[in-house]
1. Determine if segment 74-90 includes at least one residue that is outside any strand (DSSP E or B), closer than 18 Å to Gly256 by Cβ and not basic (Lys, Arg).
2. Looking at segment 59-68, which of its residues are of a type outside the set (D, E, K, R) and surrounded by fewer than 21 Cβ atoms within 10 Å (Cβ to Cβ)?
3. Output the number of the condition that Thr281 fails; it satisfies all remaining conditions of (1) of a type outside the set (D, E, K, R); (2) surrounded by fewer than 19 Cβ atoms within 10 Å (Cβ to Cβ); (3) closer than 21 Å to Glu75 by Cα.
4. Can you report the number of residues in segment 319-332 which are free of Cβ contacts under 8 Å to residues at least 24 places away in the same chain and either crowded, with 17+ Cβ neighbours inside 10 Å or not in a loop (DSSP other than H, G, I, E, B) (or both)?
5. Against the conditions (1) part of a loop (DSSP other than H, G, I, E, B); (2) surrounded by 24 or more Cβ atoms within 10 Å (Cβ to Cβ); (3) of a type in the set (Val, Ile, Thr), where does Ile71 fall short? Just the number, please.
6. Looking at (1) at pLDDT 95 or above; (2) surrounded by fewer than 20 Cβ atoms within 10 Å (Cβ to Cβ); (3) closer than 23 Å to Lys365 by Cβ, which is the one condition that is false for Ile176?
7. Among residues belonging to segment 139-159 that are hydroxyl-bearing (Ser, Thr, Tyr) and in contact with a Pro (Cβ under 9 Å, 6 or more places away or on another chain), point out the one that is nearest to Gly273 (Cα to Cα).
8. Based on what the data block shows, is Ser108 at pLDDT 95 or above, under 17 Å from Val271 (Cβ atoms) and in contact with a helix residue (DSSP H, G or I) (Cβ under 7 Å, 6 or more places away or on another chain)?
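The values are calculated or read from the model by the stated rules, or taken from the named source; none is laboratory data. Being a predicted model, the structure only gives us computed values, none of them experimental. Cβ atoms come from the backbone with ideal geometry, glycine included; neighbour counts cover every protein chain shown.
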Amino acid sequence: MKNISFLIIIISLCLFSCKNEQKSIYKEIKKTEIIDSVKINFKVLENDNRRKKINAFFEKKSSRNQFNGNILFAENGKIITQKSYGYSNLRKKELLTKEHSFQLASVSKPFTSIAVLQLIENNKINLKDTIQEFFPEFPYHGITIHQLLSHRSGMSQYTHFCDAPDSIWPDKSITINNQDVIEIISRIVPLINYKPNHKYYYCNTNYLILASIVEQVSGLSFKQYVKKYIFDPSGMFSSAIYDRTNFEDLVLPVQGYENKTPWEDVYLNGVVGDKGVYSTTEDLLKFDRALEKNILISDSLKKLAFTKMNLERKGNKNYGYGFRIKEHEKYGKIVYHTGWWKGFRSYFVKVLDKNQTIIVLNNVKRGRFLNIDKLIELIN
């Protein structure tokens, strides 16, 4: 607890500093000469020896039916390899292309974090603000934005208490959205796992609440906010947030599968913030470059997002604000996020010291998850 309190003080000092070094994000993203720098075609490193090694790894997995998806490996914003393996729709035998978009699952969380940090930078909200400042009827007290971002709220998973018993949400054919979940929490007050700030506990409920706070503060729907202040400034024109009301907004969306069985568009897909982003490998590289160039948030806030927020956790894995943090013995700090949801598996990995980016999007859940260390070795 003392360590976390000390960290909050450091965070406040960082925020004060970043406010002096950069204007509000709403003004900053209008600088088209900066924005255009991430909208260009990416250069391909034609004679890079790593391409063969990376491609061989995924070709082997694809031939064994252990991988179906798109990959992109880059260094300094230049593409080492970008390939597609398998089908966007298994039954129709439609081949995947780099233009297809995938449900990112929990790789959506970095976007939610950036949206919140933009509002912090614009002095609209504060890390110490509690949920009650935005939703006065919320039944748990003392939970702050800092705790939501770093998974220290202690709350239960909405995917569990909304799904059962059936009396909570009887008709599973009707979409459930963020506001519905917040109202359910206020009505039934699900048991918490831990008291606020007691320990790290990864919980999707944190990020749906953060998305709803963005809506409350900005006056925009979450999908509108992210499009205006993250997707468009990054040049991510093939990306959208899906909430079961806007399928037409998706660009070449692929079908998700459990082995050969297609997943239905379940009622929980109406909840966003913890998931919901559909994107392509190239759009994710644009997001990566926008982060690198500090187009979306200042460098101080980015470093804050990439800082371990769970100091008591042992081992080499931790969580910042919307990003997992890993200290690699050979390659230094690794900032990443993985995701899985209804047939989709996603991997977004940044090797900071080498300015390397790894993006893997998979739409068939079959076999083991890919090992982050193995992916990093492929590019080094």
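1. Within segment 74-90, the first condition is being outside any strand (DSSP E or B), and the residues that meet it are 76-77, 86, 90.
Imposing the further condition that a residue be closer than 18 Å to Gly256 by Cβ reduces the set to 86, 90.
Restricting the remaining residues to those that are not basic (Lys, Arg) gives 86, 90.
Yes - at least one qualifying residue is present in segment 74-90.
2. Taking segment 59-68 first, the residues of a type outside the set (D, E, K, R) are 62-63, 65-68.
Within segment 59-68, Ser62, Ser63, Asn65, Gln66 meet the criteria.
3. (2)
4. 4
5. (1)
6. (2)
7. So the first thing to find is which residues in segment 139-159 are hydroxyl-bearing (Ser, Thr, Tyr), and the list is 140, 144, 150, 153, 156, 158-159.
Right, trim to in contact with a Pro (Cβ under 9 Å, 6 or more places away or on another chain) and you get 140, 144, 153, 156, 158.
On the way: Tyr140: 20, Thr144: 17, Ser153: 16, Ser156: 16, Tyr158: 12 Å.
Checked segment 139-159; the qualifying residue nearest to Gly273 (Cα to Cα) is Tyr158.
8. On the way: at pLDDT 95 or above: yes; under 17 Å from Val271 (Cβ atoms): yes; in contact with a helix residue (DSSP H, G or I) (Cβ under 7 Å, 6 or more places away or on another chain): no.
Criteria not met by Ser108.
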